[in-house]
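Reviewing the structure listed below.
The values are calculated or read from the model by the stated rules, or taken from the named source; none is laboratory data. None of the values given here were measured: they were computed from a predicted structure. Positions of Cβ are generated from backbone atoms using ideal geometry, with glycine treated the same way; all protein chains shown enter the neighbour counts.
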Amino acid sequence: MTRQLHLNAFIHPAGHHEAAWRHPLTEPERIYDVDYYQQIARTAEAARFDAIFFADGPALRQSAEFNASGRLEPIVLLTAIAAATEKIGLIATASTTYHEPYNLARLFSTLDFVSGGRAGWNIVTTSTALAAANFGLPEHPDPSIRYERAREFVDVAIKLWDSWEDDAVVLDRPGGRYADPAKVHPIDFHGKHLEVRGPFNAPRSPQGHPVLVQAGSSNDGRDFAGRYAEAIFTAHQTLDNAQAFYTDIKNRACLAGRDPDHVKVLPGLSPFIADTEEAAHRLEREFNELTIPRYGLRQLTALAGVDLSSFDLDSPVPRDLFGDAGAVTDNNRSRTQVIAEIVDRENPTVRELLHRLAGARGHRVFTGTPEQVADTIEEWFTEGAADGFNIMPPHYPRGLEAFTDTVVPILQRRGLFRTEYTGDTLRDHLGLPRPDSQYAGRTPESTELVS
């Protein structure tokens, strides 16, 4: 079969441009209405996208004064969207630092059942220190501790999802046996950070377990992705950097004993689309002119730890403030590295850098005609930089509609993207196998459980 492109719609309330809520193309008054998100999901599904995705975090990271910063809880929201759609995958972000594995495993298992096998979990450790105070913690754990816990957390979740074997439910009405107790297993997990007995309180869900997604590009994040991730969301500005990341992730998957084809790399792409290149750039300028510098400066500090508030907006960005973050081998500050590389390549003024980041917070912004957008997608896909893209419209809902109405048909005519779904689950869409239970092929042992 010809290799097929994967497309995911990254839903950000009013759009991925920080000033989207101010533009007349958007509908910020609807961002707490479930109908709004159901409409967006149906648009993506009609275009045969693999999935929709919600980012999330347990803290208000941006000032609500200058942006539509609030969020609805994504797993509950996706459950409502599942009822309004039939095929499209449903991916929610949830933190391994600020959840407990048994409860979170139940939420995602239920979403997988409710949707008929369309659930995906974007695994994060939560980068913002603001979250700690919301959970009564004195401080936010450092990255190494967060990733230690994350590894244990995912191991526990998978063991819980697997604790009922696929044929554990026998449904023997005449004999009075609903399930075979020898096929329902405690997990008895004892780790450095977690203690979980199990077993789970539901059978394996339609996909075996939800698709595991990951979005960290630091060295710890890459190691984690190589071991666990089935899809990876990442940010790159150039083809060369994207190719290097793609190769590195596939190699790490191989070293972990996994099939690299079962790890899908999806860089972010935020397209401004119009009939002519001039009109596309004019649209982008309209959005940039609505930005509020005070907000952009705070965002830059949050993303890169760099404070430019004392500099004139039309003065060059001082490169030395980023230290060695632009070094190709420095992956421990991944988003800082992306921004430092922009400064190295473009030597922008402070205002220009704020505009560059306003579009998608360091993800690639591309401005042009539908053909030009399709060309750049095809280039990255065919040149070993991506298995597909996390599409991040600068404005919702019309930015997604512009992409699905004009770019998707071009990709379909080129034979790069599906014209119909060929399966029902998110794993089907991504070309991923249903994972075997960890108990598959084992000799059954009697297990006594207390009801």
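Data for the structure
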{"read-out": "Boolean, Glu286 is of a type in the set (Asp, Glu) and closer than 16 Å to His16 by Cβ", "value": "yes"}
{"read-out": "Qualifying residue in the stretch 272-283 (condition: in contact with an Asp or Glu (Cβ under 7 Å, 6 or more places away or on another chain), of a type in the set (Phe, Trp, Tyr) and more than 18 Å from Asn67 (Cα to Cα))", "value": "yes"}
{"read-out": "Any hit, the stretch 34-55, residues being acidic (Asp, Glu), under 16 Å from the mean Cα position of the chain (by Cα), at pLDDT 95 or above and not in a helix (DSSP H, G or I)", "value": "yes"}
{"read-out": "Any pair with Cβ under 9 angstrom, 6 or more apart, that starts in the stretch 409-430 at a residue that is more than 20 Å from Gly208 (Cα to Cα) and ends at one that is polar (S, T, N, Q) and surrounded by 15 or more Cβ atoms within 10 Å (Cβ to Cβ)", "value": "Gly415/Gln4; Leu416/Gln4; Phe417/Gln4; Arg418/Gln4; Arg418/Gln412; Thr419/Gln412"}
{"read-out": "The listed residue being of a type in the set (D, E, K, R), touching a strand residue (DSSP E or B) at 6+ places or on another chain (Cβ under 6 Å) and touching a residue at least 24 places away in the same chain (Cβ under 8 Å), out of Arg204, Arg151", "value": "Arg204"}
{"read-out": "Residues being out of contact with any strand residue (DSSP E or B) (no Cβ under 6 Å at 6 or more places or on another chain) and not in a helix (DSSP H, G or I) - total across the stretch 126-148", "value": "11"}
{"read-out": "Residue in the stretch 303-322 that is among the basic types (Lys, Arg), outside any strand (DSSP E or B) and within 17 Å of Leu354 (Cα to Cα) present", "value": "yes"}
{"read-out": "Residue list for the stretch 210-264, restricted to those being assigned to a strand (DSSP E or B) and closer than 25 Å to Leu160 by Cβ", "value": "Val211, Leu212, Val213, Gln214, Ala231, Ile232, Phe233, Lys264"}
{"read-out": "Among the candidates Leu308, Leu266, residue that is in contact (Cβ under 8 Å) with a residue 12 or more places away in the chain and under 25 Å from Pro370 (Cα atoms)", "value": "Leu266"}
{"read-out": "Residue check for Arg298: without any contact (Cβ under 8 Å) to a residue 24 or more places away in the chain, in a helix (DSSP H, G or I) and either in contact with a strand residue (DSSP E or B) (Cβ under 7 Å, 6 or more places away or on another chain) or farther than 16 Å from Pro370 by Cβ (or both)", "value": "no"}
{"read-out": "Residue selected from the stretch 160-182 under the condition touching a strand residue (DSSP E or B) at 6+ places or on another chain (Cβ under 6 Å) and charged (D, E, K, R), by the criterion surrounded by the fewest Cβ atoms within 10 Å (Cβ to Cβ)", "value": "Arg177"}
{"read-out": "Test: His23 is over 20 Å from the mean Cα position of the chain (by Cα) and at pLDDT 95 or above", "value": "yes"}
{"read-out": "Counted residues, the stretch 269-288 - those being among the acidic types (Asp, Glu), in a helix (DSSP H, G or I) and either under 20 Å from Ala235 (Cα atoms) or in contact (Cβ under 8 Å) with a residue 24 or more places away in the chain (or both)", "value": "3"}
{"read-out": "Verdict on Leu266 being of a type outside the set (Lys, Arg) and out of contact with any strand residue (DSSP E or B) (no Cβ under 7 Å at 6 or more places or on another chain)", "value": "no"}
{"read-out": "Sole exception among (1) aliphatic (A, V, I, L, M); (2) part of a helix (DSSP H, G or I); (3) modelled with pLDDT of 95 or more for Ile123, by number", "value": "(2)"}
{"read-out": "Per-region count, the stretch 168-200, residues β-branched (Val, Ile, Thr) and either in a loop (DSSP other than H, G, I, E, B) or within 19 Å of Ala105 (Cα to Cα) (or both)", "value": "3"}
{"read-out": "Boolean, Thr79 is in a loop (DSSP other than H, G, I, E, B) and either within 20 Å of Arg151 (Cα to Cα) or in contact with a strand residue (DSSP E or B) (Cβ under 9 Å, 6 or more places away or on another chain) (or both)", "value": "no"}
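Conditions tested, residue by residue: (1) out of contact with any Gly (no Cβ under 7 Å at 6 or more places or on another chain); (2) closer than 30 Å to Ile145 by Cβ.
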position: Val184; (1), (2): yes, no
position: His190; (1), (2): yes, yes
position: Leu194; (1), (2): yes, yes
position: Val211; (1), (2): no, yes
position: Arg227; (1), (2): yes, yes
position: Asp240; (1), (2): yes, no
position: Lys250; (1), (2): yes, yes
position: Leu255; (1), (2): no, yes
position: Leu283; (1), (2): yes, no
